[in-house]
Amino acid sequence: MDKLQAMKTFVRVVEAGSFSAVAHESDTTQSAVSKQVAALEKELGAKLLARTTRKLALTEDGARYFEQARRLVGEIADAESALRRGEQQLTGWLRVAASVGFGRLKLMPLVRDFLGRHPGMKIDLRLHDGFIDLVEQGIDVAVRLGELEDSSLIARRIGASQRLLVAHRSYLRALPTGLGPPRLPDDLTRHNCLVYTENIHRSAWTFTAGAGASVPVGATRQVRVEGNLQTNSSEVIRTSVLAAMGIGYAPAWLFDEELASGEVQRLLPDWSAPPSPINLVSPQERRHSAKVAAFTSFIKEAMARG
């Protein structure tokens, strides 16, 4: 038995959640993958996985072994990559996580370019709105939007996104008599506002007065808004704004094309919202990873270019 290969297979089975997924990515059979893990269990004298008809689950021994095995496999892969860096030969899988909207609209084009520059690399891109445990999910690097809570993760700021108050032109055209587009933040209390629940402030929207506002520059106003829809999905916010269902408070990149065409309009242009930081975060054990470092540098440079 090739113990290192068996460890790699075991780690990937746990991360992917099935033997069949690993068999597919390795271009082998499910039986061959299962036999590797069984051989490793026999070698260790411990049951690592509890197999049921519906899913795989780590045993108590398996959970302890998985953390050590994943760290060791990662360190070996990074050492091999480091030897090839002079030839710019980064190889193997990099597991990346991001929110659905940012991943689809902003990150995916950059992933394509990164893979073009590093043909030996493979990206496992996992898109999910809401919190995920990077260590538990085996993520190498994740994009986090908004302020970061204190944690043991390594964070690298790569930019910030401007948040805008937006509405579809059809929503504005259909406003009832006597209700016009908001001219002041307080006017939002009379409108249907679409709330993104993953924002730390949720329905408390904050604005700062600019030069064209009717109050002193720098004055701030926080408004508690209401509406008939709230969601933890940025894609649902985007879809709802485009369906003229209400007013959104969202990153500008979520509506780049529609803002440029005039289909979606920015409201309260004389008021600005606090920028939302964009960070790449990684578990501590990935701090020396050549692949993480290359991906982070590439994404940061691309974001700086706009």
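The values are calculated or read from the model by the stated rules, or taken from the named source; none is laboratory data. The structure presented is a predicted model; accordingly, all values stated were derived computationally and were not measured. For neighbour counting, all protein chains shown are included, and Cβ atoms are generated from backbone atoms with ideal geometry for every residue, glycine included.
Scan the range 170-187 and tell me whether some residue there is surrounded by 13 or more Cβ atoms within 10 Å (Cβ to Cβ), under 29 Å from the mean Cα position of the chain (by Cα) and within 22 Å of ILE237 (Cβ to Cβ). Within the range 170-187 (the criterion being surrounded by 13 or more Cβ atoms within 10 Å (Cβ to Cβ), under 29 Å from the mean Cα position of the chain (by Cα) and within 22 Å of ILE237 (Cβ to Cβ)), the answer is no, since none of the residues qualifies. Where strands (runs of 3 or more DSSP E) fall entirely within the range 198-306, none has at least 3 residues that are within 21 Å of ARG104 (Cβ to Cβ), among the hydroxyl-bearing types (Ser, Thr, Tyr) and without any contact (Cβ under 8 Å) to a residue 24 or more places away in the chain.
How many residues, within the range 136-149, are within 20 Å of THR9 (Cβ to Cβ) and either assigned by TED's automatic domain parsing to the domain that holds TYR196 or in contact (Cβ under 8 Å) with a residue 60 or more places away in the chain (or both)?
Final tally of qualifying residues: 4.
Each row is one residue, and each column tells you yes or no for (1) in the same structural domain as VAL96 (by TED's automatic domain parsing); (2) crowded, with 18+ Cβ neighbours inside 10 Å; (3) of a type in the set (Val, Ile, Thr).
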site: LYS3; (1), (2), (3): no, no, no
site: LYS8; (1), (2), (3): no, yes, no
site: HIS24; (1), (2), (3): no, no, no
site: ASP27; (1), (2), (3): no, no, no
site: GLN30; (1), (2), (3): no, no, no
site: VAL37; (1), (2), (3): no, yes, yes
site: LEU40; (1), (2), (3): no, yes, no
site: ALA50; (1), (2), (3): no, no, no
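For the range 97-128, a residue qualifies if it is part of a strand (DSSP E or B) and in contact with a Leu (Cβ under 6 Å, 6 or more places away or on another chain), and the qualifying residues are ALA98, MET121, ILE123.
Taking (1) closer than 24 Å to PHE295 by Cα; (2) touching a Phe, Trp or Tyr at 6+ places or on another chain (Cβ under 9 Å); (3) at pLDDT 80 or above in turn, LEU44 satisfies each apart from (1).
Taken across the range 264-275, residues that are of a type outside the set (A, V, I, L, M, F, W, C) and touching a Cys at 6+ places or on another chain (Cβ under 7 Å) do not occur at all.
Of the residues VAL111, VAL141, VAL96, VAL135, the single one that is more than 16 Å from LYS291 (Cα to Cα) and among the β-branched types (Val, Ile, Thr) is VAL135. Please work out which residue is surrounded by the fewest Cβ atoms within 10 Å (Cβ to Cβ), limiting yourself to the range 198-218 and to residues that are at pLDDT 90 or above and either closer than 17 Å to VAL166 by Cβ or touching a Ser or Thr at 6+ places or on another chain (Cβ under 7 Å) (or both). Among those residues, the one meeting the criterion is GLY218.
Within the range 71-126, if we keep just the residues that are under 26 Å from ARG238 (Cα atoms) and among the acidic types (Asp, Glu), the residue that is modelled with the highest pLDDT turns out to be ASP113.
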